[in-house]
Amino acid sequence: MLEIAKIDSVAAVFRKLQGTITEALENEEPTARFIEDAWERPEGGGGFSRVLAGGTVLEKAGVNFSDVSGQTLPASATAARPEIAGLPFRAVGLSLVIHPLNPYVPTSHMNVRFFVAGAGTSAERWWFGGGFDLTPFYPFREDAVHWHETARAACAPFDEAYYPRFKAHCDEYFYLPHRGETRGVGGLFFDDFNEGGFARALAFTESVG
């Protein structure tokens, strides 16, 4: 069972990631800076949204952290997992969308997330999820190769099989049936992930982030 300190450690890791990412983006952007908006959720928790707009390099970028909780999940959220219906929950996440001004620079998306229901009880269920993908308007081979080499490197310390496995998940998840193709050049996607225990699953999710 997960102690509160372990769940809090997820929030600390994701909040640190938010800072690392926004700092790196600001280092590429000579004029605009991120503005942070703190918000609260009446049912429990809140978050910090960071948005940069009107830059010289970045048209708009959002890097948003959330840590929310509640006493019971709505039925729509438990349709695929009836065993967690009615349990208290906590969900921690970090998500971003980056839109560069130059159309030759790809748009990118990323999110990492953690969910626990019934923490500290015999009914406890927890898992991590996340991933990233790249959507170029004008594809360049070297961009796609670099993107996937980075994805492979994020997975390699944990399991060499993760990269082909989660790349395939991303291709399936972002497949556009009406076009007969995937959205962009893919990346990684994983969900319901708790392999190797909590510490290892968190470390892998942080590496993806």
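ARG179 contributes an accessible area of around 150 Å² to the protein surface, as traced by a 1.4 Å probe with all chains present. Cα centroid separation, the stretch 14-56 to the stretch 101-154: 17 Å. Were the residues from TYR173 through ALA199 laid out at 0.36 nm apart, the gain over their Cα-Cα distance would be 6.7 nm. Taking 7 Å steps out from each Cα toward its Cβ at GLU83 and VAL51 produces label points 4.0 nm apart.
Using 0.36 nm per residue and subtracting the Cα-Cα separation, the extra length available between LYS6 and ALA153 on full extension is 50.3 nm. Computed on the Cα atoms alone, the convex hull of the chain gives a volume of 139 cubic angstrom per residue. For the pair GLU160 and SER207, the difference between a 0.36 nm per residue extended length and the Cα-Cα distance amounts to 15.5 nm. Be a star and scan the stretch 103-143 for residues whose amide nitrogen sits under 12 Å from the point 7 Å along the Cα-to-Cβ vector of GLU181. In the stretch 103-143, the label zone of GLU181 (backbone N under 12 Å from the point 7 Å along Cα→Cβ) covers 136-140.
Per residue, the accessible area of the chain comes to 53 Å², computed with a 1.4 Å probe over protein heavy atoms only.
The values are calculated or read from the model by the stated rules, or taken from the named source; none is laboratory data. None of these values were measured; they are calculated from a predicted model. Cβ sites come from the backbone with ideal geometry, for glycine too, and all protein chains shown count toward neighbours. Heads up: the accessible areas ignore ligands, DNA and RNA and are worked out on the full protein's heavy atoms, side chains in. Shrake-Rupley method; radii C 1.70, N 1.55, O 1.52, S 1.80 Å.
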